[in-house]
Every structure is written in C-alpha cells, then in structure tokens.
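The values are calculated or read from the model by the stated rules, or taken from the named source; none is laboratory data. If you're wondering where the values come from, they're calculated on a predicted model, not measured in any experiment. Ideal geometry is used to build each Cβ from the backbone, glycine not excepted, and the neighbour counts take in all protein chains shown. Please note that ligands, DNA and RNA were not included when accessible areas were found on the heavy atoms of the full protein model with its side chains. Shrake-Rupley method; radii C 1.70, N 1.55, O 1.52, S 1.80 Å.
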Amino acid sequence: MNNEKEDWALEQDLKYNRLTAFKLFAMTSSMVISVNELAPFGKTGPTALFYLLIAGTAWFVPITQMAGEMASIDGWEKGGIFTWVKGSLGDKVGWTAMFYQWIHITVGMDTMVYVIIGALSIIFGTPWFNTTPIVRFILMMIILWGATAIQVIGIRKIGRIAEWLFILGIAITVILLIISFFVYLAQGHPVHMVINWHTIIPHHLNGTTLVAFVPFMLAFCGGEASAPHVKNLDHPKSYSKVMLALAATAICFDLLGSMAIGMTVPKGEIQNSTGFVYTYGKLLTSIGLPGDLLQKIVGVMLSCGIIGELGNWIAGPNQGMYESAKEGYMPKFFAKTTKHGVPIRIMILQSSIVTVSALLITFTSGADADFAFNVSLAATTAQYLMVYMIMLIAYMVLKKKHEDYHRMYYMTKKPNLSIAIAILALVITVVAFFVTFVPAEGTAAGLRGIYVETLIGICAIVSILPLILYKWHEKWQKE
C-alpha cells in the first residue's frame, strides 16, 4: 500500500514539474549566458572564435551530457553534484564538490559587481568610481548587501524578478548590441580586426594564448545545474538536443557580442569592467544615433540585469548548503530559515565571504580596475574548474563500476567511449585550471606577483575548508 502511495506521489510530482524542451532551454540559458566575459573576449581578437568552439564542443557539450546521465539515475535526481559525486566517490568527496560549487560564486560576485560599478561610472560620468579603491569597495558593499537584504521577500519572488531583469538587462542589451554592430558594418565603418583562417587559429602555444582561453571556459560554466530536470522532460532523449542548442546559442551570443566590441573599439581602449557599455556609446554614435544618451540607458539596463543575476546566485546555491546544514555538514545554526523559507543565515555567511574577498582584491589592485576584474575572474574560474575535475572523475568511476545502475538517459551506450570523452574533458579542465595562475596579458609588472599569490591563497583556503568542516560533521549530525 505504501509503495502504491509513493508511486502515485512520484507520478503526480512528475506531472506537476513536467518540462518541455524549450522551457529547459530557457531555464539553462539564464544560468549560462552572461555579458561579464564579452569585453575580455573582444580583447582576445579573432582567436575568440577558435576558443569558443573548443570550449563549447570539446568541453561544455560533454559536461552537460555527463551531468544529464548522472541526474537521470534512479535516486540521483535530487541534490545535484553532491548526490552524483557521493554516489561514485563517497560522502566526503561529494560534500567537498558541493562546497567548491557553492563558494566559487563568492569571488564570482566580485566580478559581477565590478561590471555594475563600471556601468555606473559611465552612467554618472564618474570614472573615479572605478579608479578609487575605497569608493569602489563602498559601492560593492551597497550593491552586495542590498541584494542580500532583498532576499527576505522569498526565493520564488526573487526568481520571477531575476527572470525579467535577465531579459531586460542581459538578453535585450546583447541582441541590440549585435543589431547595432550589423548596422555599423553595413554602413561601411572601419573595423579593428581582420577575421580569416590565419587570424582565427592561434599559431603559438604559450602563456599568453593559454591565458586568453581561460575566460572562455567560465563562459560555459553552470550548464550542469539544470541536469536534474532531465527526468521532468516530456521526452528525456531530447535533453542532448537542448544542450546542443544551448551550446550553439551561447557560442553565437558570445561570438557576435565579443566581435561587436573587438571590431568597433581599438584593443587599447577596451576595459574589462566598462567595455560593454563603452562600446555601445561608440557604436551608436557611429551609426548616427545619440550614443552618449543611449549609452547611459543601456548602462542602467545592464546594471539591472546583473543585479538580477546576482540575486539568482545568492538564492540558488544557498539552497544546497541549507540542505547540507540540515544533514549536519555545517553547524545547525545555519539550518534555519525565515517564514518565507529563505536560509538567510547562510546568505549572510556567503555575503560575508564575498566582503572579505572584495576587500582583498579591491585594495591590492589600487587604481587598476582591470586588475581587480582579472583576479576575480581567474579565481572564479579556478574554483569552478575544481568542481568539474571531481565531477569528471566521478563520472568515469560510474561508467567503470556502476554501469548496471538504471538511468533514463545515456551520453552514449558505449562505456569506453564515454570514459574517453570524459578523459579529454578532464585534460582540458586540468590545463585550464593551472593556466588561470598565469597573469593575464597587460598585467603591470608590479602586480604580477600579487596576482599569483592571491589566486594561490584563495584556492588553498577553499581547498582546505570543506575538509576541516567534514571532520565535525558527525558531531553536528548528532545535535
């Protein structure tokens, strides 16, 4: 009788949460597509096309396919990467992977806020917002803690607001940038890069070319987050097509957006934190529109879009940490929510960590806003790649030892081929991880040592913390 009730409840849950392929595509797009990396892509030049294709086809597509397969295994549909890794590599490694996934966004939020401040500096005509560390830090705190405080209204409401802000501030602004770029080309204006077979392929494999590849990895991070919904699809086999469509869309958005910046603005004028809004002013003025005014409007839209993205990242990952606190992986103090079900204590902890990282990065960078942006971007990438290293190893163990587990979706029915694809993705991930520690091109000589030391320090602390916390989990489970 109980089994019948459980089967009925599961059937009702599947019906209630049923997803079409398009809905899953839209949901995942908001997690993957961003504007934070478009200016760095534009500075990369024509090789951006090559890097995007490599990161999209040889890395992003396999990652999402493996995540979809793991999420479709019976009993693995909830808990995301914690459940997948735990099922293959054990409890301790599963907790470590989830902790890395949660904490990577703490530095990632710095990157988002730097772009908002860059937009504000153009909106108000106050470049000193970007070049005065104390002002930059104060603005960061206002934006960060304001976004944290608003979470008390509830996660569902935040999700709806974030969805509309994403459409307004990210999707619309990128589409308008691309349209303006095509008008610019049609009018015959000069371009600042030449695209052909010789310029697209990097001819020298060195620190500079490898470092340029790193942001392209981050552009595709997060696609695995929607994998648990594979069981809710009307046709689970359509998952691979959805992810392929997402990869193609993300590559097109990133490519056209970055080309719009790199081809219309000289490389020396592109700043990572202001490049997107600055390009709008140049583009719109060139095609005969009031660029100075419209640039400010776009700056407001972009700021709203990134604030919505920031709200999503504050609300989303903290749910997983809240569940882990209830299970004793963190002190029970954090296993409390507001009346709206918001784990506000964990959110405050997260924002406190962001504050510390912002303090460190902002004041070591001095007046160099691009340095602060590059450090936070590299640290975010390095920490997320740590998650993928564990996930890929877990997938290989799954294919080697647990091919008998029932699942609704397979990346491929050939285990050896699956393992070979995972090894290729792992090699790319490991190389990209170590390359993040090489200072970005244009980093001042006096800041190169600080760049490396900061990244090593952040990654070392992040690596040790979950292991320390795990030693206490038995005690916390008994409380």
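Summary table
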| quantity | calculated |
| --- | --- |
| Under the Karplus curve 6.51 cos²θ - 1.76 cosθ + 1.60, θ = phi - 60°, whole-Hz ³J(HN,Hα) for the stretch 167-183, x wherever Gly or Pro sits | 4, 5, x, 10, 4, 5, 5, 5, 4, 5, 4, 5, 4, 4, 5, 5, 5 |
| Surface accessible to a 1.4 Å probe, L465 within the full protein complex, Å² | 70 |
| Long-range HN-HN contacts of I73 with modeled amide H, under 5 Å | M408 |
| Summed residue charge, Cβ within 13 Å of W476's Cβ, Lys/Arg positive, Asp/Glu negative | +2 |
| Residue among L424, T264, V85 farthest towards the positive dipole end of the chain, charges placed on Cβ | V85 |
| Between the stretch 344-414 and the stretch 68-100, the Cα center-to-center distance that results, in Å | 15 |
| Acute angle (nearest 10 degrees) that the helix 415-435 long axis makes with the longest principal axis of the chain, alpha-carbon atoms | 40 |
| From phi via Karplus (6.51, -1.76, 1.60), per-residue ³J(HN,Hα) for the stretch 293-307 in Hz, x at Gly/Pro | 6, 5, 4, 5, 5, 4, x, 5, 4, 4, 4, 5, x, 6, 4 |
| 15 Å beta-carbon shell around Y384, net charge (K/R +1, D/E -1) | -3 |
| Dipole moment magnitude, nearest 20 debye, the chain about Cα centre, only Lys, Arg, Asp, Glu C-beta charged | 540 |
| Dipole magnitude of the stretch 300-405, debye to nearest 20 (Cβ charges: Lys/Arg +1, Asp/Glu -1, about Cα centre) | 500 |
| E403 - accessible surface, heavy atoms, 1.4 Å probe, Å² rounded to 10 | 50 |
| For L233, distant residues with modelled amide H under 5 Å away | L19 |
| Accessible surface of the chain, 1.4 Å probe, proportion on carbon and sulfur as whole % | 68 |
| Three-way shape call for the stretch 394-443 based on the alpha-carbon gyration tensor, with the a/c threshold at 1.5 | prolate |
| Ellipticity estimate at 222 nm from DSSP helix runs (n ≥ 4, -39,500 (n - 2.57)) divided over the chain, nearest 500 | -23500 deg cm²/dmol |
| Relative contact order [Cα under 8 Å, 6+ residues apart], the chain, whole percent | 32 |
| Heavy-atom accessible area per residue - the chain, 1.4 Å, Å² | 43 |
| Difference of contour (0.36 nm per residue) and Cα-Cα distance, V183 to F124 | 18.5 nm |
| Which of F25, F99 is most accessible, then next, and so on - probe 1.4 Å | F25, F99 |
| Local net charge near M112, Cβ-Cβ under 12 Å (Lys/Arg +1, Asp/Glu -1) | -3 |
| Shape of the stretch 330-474, Cα gyration tensor, a/c cut at 1.5 | oblate |
